[in-house]
1. Is at least one residue of the range 1-14 touching a helix residue (DSSP H, G or I) at 6+ places or on another chain (Cβ under 7 Å), under 25 Å from residue 203 (Cβ atoms) and surrounded by 10 or more Cβ atoms within 10 Å (Cβ to Cβ)?
2. Check the range 156-163 and report whether any residue there is assigned to a loop (DSSP other than H, G, I, E, B) and over 27 Å from residue 61 (Cα atoms).
3. Tell me the residue from 156, 132, 168, 136 that is within 15 Å of the chain's Cα centre (by Cα), surrounded by 16 or more Cβ atoms within 10 Å (Cβ to Cβ) and over 18 Å from residue 89 (Cβ atoms), please.
4. Taking residue 69 and the conditions (1) at pLDDT 95 or above; (2) under 17 Å from residue 158 (Cα atoms); (3) part of a loop (DSSP other than H, G, I, E, B), which numbered condition does it fall short on, given that it satisfies the others?
5. If I go through the range 188-205 residue by residue, how many of them are at pLDDT below 95 and crowded, with 19+ Cβ neighbours inside 10 Å?
6. Would it be correct to say that residue 58 is touching a helix residue (DSSP H, G or I) at 6+ places or on another chain (Cβ under 9 Å) and either at pLDDT 95 or above or within 30 Å of residue 205 (Cβ to Cβ) (or both)?
7. So which of 109, 79, 69, 56 is within 26 Å of residue 233 (Cα to Cα), surrounded by 15 or more Cβ atoms within 10 Å (Cβ to Cβ) and over 15 Å from the mean Cα position of the chain (by Cα)?
């Protein structure tokens, strides 16, 4: 068999075909997923999906390293949100009653945002800020974590920012007890915040320059325990650069979607 393979490798065209076939095996399943997604999903931005089980382990281990919390405690927080039926029901009801209702996917999946939740549960922050609310899925996830923290005796509050006055339709009901949305330019909103930020999540303009400006704007609001999470770190490096310039540590978690064509985003993590 090895002799035959060595012979085939010497024939350029046959070796060319063999190499293309080997490479295509990494993507053929994706084509099937794309076709299925085209028929079954109506999403055209901010794709939603679950992440693979081993990826959840990596996420919990990453958060454990950053926070100093035990792996089992952190993994328990990931399970906690994935088993939160009331949160899922709330999101589904909001989607159903929204302008996009008939065009939106009904399945509720959180992807890497479960990591945001676990950070809030592990660190018990007093102030959490997220720029770029969009539909408000991240808002209710973060406020759900703050709600659980309050039940354990730790008060916290959420601020979301978005330039779109119609953003955040999922952020409603009981979740608004734990936060609010500041409408307008995020840089301006952050400049006027005047509160010490414990967890900051960048998910707004999706441009490297604007992202970097956000980090510069919040610098005076950070404390020794502040953590910054970058939702665009799989595309741009401002959080890595900012961390180097400010003597902060930086890690990147790579997301691996389950049964979805999208290659996944990630979470950039900047901490002291």
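The values are calculated or read from the model by the stated rules, or taken from the named source; none is laboratory data. Worth saying up front: this structure is predicted, and the values here are computed from it rather than measured. Ideal geometry is used to build each Cβ from the backbone, glycine not excepted, and the neighbour counts take in all protein chains shown.
1. Checking the range 1-14: not a single residue is touching a helix residue (DSSP H, G or I) at 6+ places or on another chain (Cβ under 7 Å), under 25 Å from residue 203 (Cβ atoms) and surrounded by 10 or more Cβ atoms within 10 Å (Cβ to Cβ).
2. yes
3. Of the residues listed, the single one that is within 15 Å of the chain's Cα centre (by Cα), surrounded by 16 or more Cβ atoms within 10 Å (Cβ to Cβ) and over 18 Å from residue 89 (Cβ atoms) is 132.
4. If we test residue 69 against (1) at pLDDT 95 or above; (2) under 17 Å from residue 158 (Cα atoms); (3) part of a loop (DSSP other than H, G, I, E, B), just (2) comes out false.
5. Residues meeting the conditions: 2.
6. no
7. The unique qualifying residue is 69.
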